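Right, one structure below, let's go through it.
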Amino acid sequence: MRKTVVFFFHLIFLLVPLFFTAANDELFEFNKIILTYIFTSLILGTWVIRMILEKKMLWKKTPFDIPIAIFYISQLLSTLFSINQQTSIFGYYSRFNGGLLSISAYIVLYYAFVNNVKRIEVKNLLGTVFLGATLSAFYAFMEHFGHSFSCLFITGNFDVSCWIQDVQSRVFGTFGQPNWLAAYLIMILPLAGSRLIDLFGKAEIWKRVLFVVFIALYFSTLLFTGSRSGLVGLAVGVVAYVTYMLIGLYRQHSLDAQQSVQQKKKKTTEHTLRPILYSAGIGTVVCFGLIVIFGTPFTPKLSAIIGRLNKTATPQVQQPIPAQVPSSPSPQSGTQLDIGGSESGDIRKVVWRGAVQVWKRYPVFGSGVETFAYSYYKDRPMEHNALSEWDFLYNKAHNEFLNYLATTGTVGFTAYLLMIGWVYVWAFRHAHESPLTIAAWMSAYTALHVSNFFGFSTVVVSIVFYLLPAFLYVSNDNNVHQELHLDLQKKSRQSNMRTETWQWILCCGIGIATLYLLIVFINMWRADVAYARGKQLLVANQGIKGLKELQNAVKISPTNEGVFHEAVAKTAAELILSVYQQNDATMAAQLGELAINESTLMMASNPVNLNFYRSQAQVFISLSRIAPALLQESLKTLDKAQELAPTDPKLTYNRALINEGLGNKELAITLMKKALQMKPNYDGARDQLKRIESTPN
């Protein structure tokens with residue numbers, strides 16, 4: 001049974017980074033978290049069955065038990081006092097990562113790892129980590145050159161035409177977002193560098209060359225992501241690597257000196273430094289060469305430099321400029337930042353300030369695990385309206401630390417820092433035991449936190465975050481011979497033991513419980529597939545079929561997901577007018593009742609979700625075409641929404657339009673002017689204000 005657990009860990013490291021489907025509404029993160037839940041259920045079930053069969057509690061004390069326990073209790077308390085417990089438990093829909101359920105899964109993986117994986121098996125698991133990383137990196141690497149395996153699987157064409165995003169400029173592979181892929185790669189690179197050092201002088205040359213190729217692949221793919229936070233994180237991670245390595249080697253040297261084995265000390269130091277220097281030299285040359293060839297977000301690539309030099313060296317002949325007829329600007333491509341949107345640093349500053357305000361409003365336990373999408377808009381700074389992304393939904397603070405501060409308060413934030421700091425302290429104390437191994441893991445750990453400072457954690461990154469201390473602990477477990485001796489004793493005992501009836505009964509019970517969890521998680525996935533299919537049918541103008549698929553999503557979902565109720569309500573409301581015009585009064589009445597009921601269920605599932613208020617108002621507006629009295633209900637809904645988001649000019653704008661429809665012209669003018677005060681460059685509000693003012697009473 002123990003080897004089965006280890007096998008499932010191999011599958012996690014290999015498959016989770018690669019897994020996504022085109023059948024879901026959110027292709028990447030949602031699929032990865034569902035697969036993680038499935039493997040965690042299998043691992044937990046197998047581990048418990050192993051304990052039953054061996055008639056003993058398989059639980060080791062580890063150095064990280066206290067901080068993990070404190071952190072988990074803080075998350076429980078934050079969930080208990082959350083403004084929306086369902087979101088705190090399951091996470092924000094389509095992401096799910098970060099909710100209490102996902103945190104529980106990661107902690108289960110940590111303890112399953114330390115209690116089932118042996119030191120001699122760590123190297124094989126790292127091999128699987130490298131295999132998964134290599135496949136993920138190659139997948140994204142090819143996108144830069146115009147060949148996406150995703151498009152090959154989805155459309156049958158080995159190009160990048162299936163993506164709306166300019167995937168060649170910023171690759172994302174199987175991760176869905178360039179920064180998410182970068183956060184993964186910057187954790188793998190230090191481990192690959194350490195493995196190269198380990199292979200130097202101990203393995204065939206082809207293995208060393210292979211890892212040089214791996215490093216080149218990982219680093220070039222990192223460059224292709226165009227992630228500034230990733231490169232900064234890697235740079236700081238390299239500093240951490242050197243620091244921990246020097247501390248470890250110095251302590252090793254000191255211990256050898258104390259033991260008065262000078263000759264052995266000299267050989268050990270020479271043996272260690274030579275592969276380090278050679279490997280560092282090779283890695284530096286490879287990475288610097290790739291930077292020169294491909295460039296970085298901070299530096300131009302070689303072809304651009306050569307182009308500038310040629311342009312400077314070639315004399316330019318001044319030609320008369322003929323008069324031209326003015327033309328419209330040529331279309332531009334690229335990200336919003338490329339075409340003049342707000343700089344990401346400016347956006348972060350505003351969102352971060354809002355996150356601090358959320359913490360001030362919920363100082364102890366925060367607004368609730370993963371509830372930033374709801375709590376932020378009450379404290380959303382007015383300056384947000386001047387940004388290019390003023391009407392975007394922010395479900396994260398784009399700073400993992402501030403996100404914890406806002407959503408889990410002082411208690412959760414302190415516990416989070418304690419858990420991280422404890423790892424650094426433990427690694428510092430044990431740096432001399434395995435200098436290169438500990439340096440590599442702490443480099444990855446540091447790079448991750450720097451990246452998270454400018455973003456937020458995703459599924460794969462979270463798995464590494466929680467399992468990294470497990471790798472550290474197991475890799476430095478010196479009881480290898482004792483483990484082998486215990487294994488021999490255990491095999492001898494098991495050969496003479498007979499499985500008793502109560503063990504069979506308990507094992508069957510655990511198997512049924514595991515199967516139940518698998519069905520729940522598979523149904524979560526099936527519900528999302530139905531939801532995505534329904535939306536696709538609506539886009540294809542197959543409204544009734546789309547509505548049925550959305551209702552199917554509601555039926556399948558084991559979590560009573562409000563997003564599904566929202567989709568059904570909006571769709572039914574939009575269909576009602578066309579059905580009414582066809583003189584099908586019965587069908588129209590059924591659709592109207594369905595829209596109202598689903599809208600009510602949507603609001604009951606999450607009364608602090610700003611988007612749900614917008615959707616309910618939209619439902620009432622759609623239904624008001626045949627029931628004008630409902631227009632007043634839409635106004636009441638938007639008034640409540642404005643209380644949740646007092647600085648949102650779009651809500652004020654819509655309230656003005658509804659008041660105009662209800663005949664409240666003066667109030668409509670006042671509200672439209674208020675929307676312009678919130679956002680002076682709100683062209684739509686300015687145009688509507690002129691129209692309303694010019695309309696006769």
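The values are calculated or read from the model by the stated rules, or taken from the named source; none is laboratory data. Everything numeric in this text was worked out from a predicted model, so none of it was measured. Reconstructed Cβ throughout: ideal geometry from the backbone, glycine too, with neighbour counts over all protein chains shown. Ligands, DNA and RNA are excluded from the accessible area calculation, which covers all protein heavy atoms including side chains. Shrake-Rupley method; radii C 1.70, N 1.55, O 1.52, S 1.80 Å.
What to note about this one:
- Summed over region 676-686, the residues that are among the basic types (Lys, Arg) and open to solvent by 60 Å² or more (accessible area, probe 1.4 Å) give a count of 1.
- Contacts under 6 angstrom Cβ, first residue in region 504-519 being under 19 Å from LEU53 (Cα atoms) and open to solvent by 50 Å² or more (accessible area, probe 1.4 Å), partner in a helix (DSSP H, G or I) and of a type outside the set (S, T, N, Q), 6 or more apart: LEU506/ILE52
- For region 125-139, the set of residues classified as over 11 Å from PHE9 (Cα atoms) and in contact (Cβ under 8 Å) with a residue 40 or more places away in the chain consists of PHE130, LEU131, GLY132, ALA133, THR134, LEU135, SER136, ALA137, PHE138, TYR139, listed by residue number.
- Filtered by the rule that a residue be of a type in the set (A, V, I, L, M, F, W, C), within 21 Å of ALA553 (Cα to Cα) and open to solvent by less than 60 Å² (accessible area, probe 1.4 Å), region 596-613 gives ILE596, MET602, MET603, PHE612.
- Screening SER279 on (1) modelled with pLDDT under 75; (2) out of contact with any Pro (no Cβ under 9 Å at 6 or more places or on another chain); (3) buried (at least 17 other Cβ atoms within 10 Å of the Cβ) shows it passes everything except condition (1).
- Residue selected from region 94-106 under the condition under 12 Å from the mean Cα position of the chain (by Cα) and open to solvent by 10 Å² or more (accessible area, probe 1.4 Å), by the criterion nearest to PHE564 (Cα to Cα): SER94
- Test: THR652 is under 22 Å from LEU689 (Cα atoms) and open to solvent by less than 20 Å² (accessible area, probe 1.4 Å): yes
- Of the residues in region 552-570, at least one is touching a residue at least 24 places away in the same chain (Cβ under 8 Å), closer than 25 Å to SER88 by Cβ, in a loop (DSSP other than H, G, I, E, B) and acidic (Asp, Glu).
- Only one entry in GLN168, GLN86 is of a type in the set (S, T, N, Q) and outside any loop (DSSP other than H, G, I, E, B), namely GLN86.
- From the list LEU131, LEU126, LEU109, the one residue that fits, being open to solvent by 60 Å² or more (accessible area, probe 1.4 Å), touching a Leu at 6+ places or on another chain (Cβ under 9 Å), assigned to a helix (DSSP H, G or I) and modelled with pLDDT of 90 or more, is LEU131.
- Hits in region 49-80 - residues which are under 29 Å from THR408 (Cβ atoms), open to solvent by 30 Å² or more (accessible area, probe 1.4 Å) and part of a helix (DSSP H, G or I): ASP65, ILE66, ALA69, ILE70, TYR72, ILE73, LEU76, LEU77, LEU80
- Against the criterion of being modelled with pLDDT under 95, open to solvent by less than 30 Å² (accessible area, probe 1.4 Å) and not aliphatic (A, V, I, L, M), ASN399 qualifies.
- Residue within region 336-358 that is touching a residue at least 40 places away in the same chain (Cβ under 8 Å), open to solvent by 40 Å² or more (accessible area, probe 1.4 Å) and polar (S, T, N, Q) present: yes
- Failed item, numbered, when LEU191 is tested on (1) closer than 17 Å to LEU131 by Cβ; (2) part of a loop (DSSP other than H, G, I, E, B): (2)
- Boolean, GLY156 is assigned to a loop (DSSP other than H, G, I, E, B), over 17 Å from the mean Cα position of the chain (by Cα), modelled with pLDDT of 90 or more and not β-branched (Val, Ile, Thr): no
- Checking ILE33, ILE43 one by one, the residue that is open to solvent by less than 10 Å² (accessible area, probe 1.4 Å) and in contact with a Ser or Thr (Cβ under 8 Å, 6 or more places away or on another chain) is ILE33 and no other.
- Residue satisfying all of: in region 362-395; at pLDDT below 90 and touching a Phe, Trp or Tyr at 6+ places or on another chain (Cβ under 7 Å); surrounded by the fewest Cβ atoms within 10 Å (Cβ to Cβ) among these: TYR394
- Residues (open to solvent by 60 Å² or more (accessible area, probe 1.4 Å), under 30 Å from MET587 (Cα atoms) and part of a helix (DSSP H, G or I)) located in region 626-647: GLN632, GLU633, LYS636
- For the condition at pLDDT 95 or above and open to solvent by less than 70 Å² (accessible area, probe 1.4 Å), THR695 does not qualify.
- Scan of region 513-551 for residues that are under 30 Å from SER578 (Cα atoms), assigned to a helix (DSSP H, G or I) and among the hydrophobic types (A, V, I, L, M, F, W, C), ordered by number: ALA527, VAL529, ALA530, ALA532, LEU537, LEU538, VAL539, ILE544, LEU547, LEU550
- Residues within region 662-675 that are surrounded by fewer than 16 Cβ atoms within 10 Å (Cβ to Cβ) and of a type in the set (Gly, Ala, Ser), tallied: 1
- Residue satisfying all of: in region 563-595; in contact with a helix residue (DSSP H, G or I) (Cβ under 8 Å, 6 or more places away or on another chain) and of a type in the set (S, T, N, Q); surrounded by the most Cβ atoms within 10 Å (Cβ to Cβ) among these: THR571
- Contacts under 9 angstrom Cβ, first residue in region 158-182 being free of Cβ contacts under 8 Å to residues at least 60 places away in the same chain, partner open to solvent by 20 Å² or more (accessible area, probe 1.4 Å) and among the acidic types (Asp, Glu), 6 or more apart: VAL160/ASP166
- Some residue of region 12-24 being buried (at least 17 other Cβ atoms within 10 Å of the Cβ), more than 23 Å from the chain's Cα centre (by Cα) and in contact (Cβ under 8 Å) with a residue 40 or more places away in the chain: no
- The residue pairs whose first member lies in region 670-697 and is farther than 15 Å from ASP648 by Cα, whose second member is at pLDDT below 95 and of a type in the set (Asp, Glu), and whose beta carbons are closer than 6 Å, counting only pairs six or more residues apart or on different chains, are ILE692/GLU660.
- Number of residues in region 211-230 that are of a type in the set (Val, Ile, Thr) and open to solvent by 10 Å² or more (accessible area, probe 1.4 Å) equals 3.
- Only a single criterion out of (1) without any contact (Cβ under 8 Å) to a residue 12 or more places away in the chain; (2) crowded, with 23+ Cβ neighbours inside 10 Å is not satisfied by GLN616, namely (1).
- Here GLY173 meets each of (1) small (Gly, Ala, Ser); (2) buried (at least 23 other Cβ atoms within 10 Å of the Cβ); (3) at pLDDT 95 or above with one exception, condition (3).
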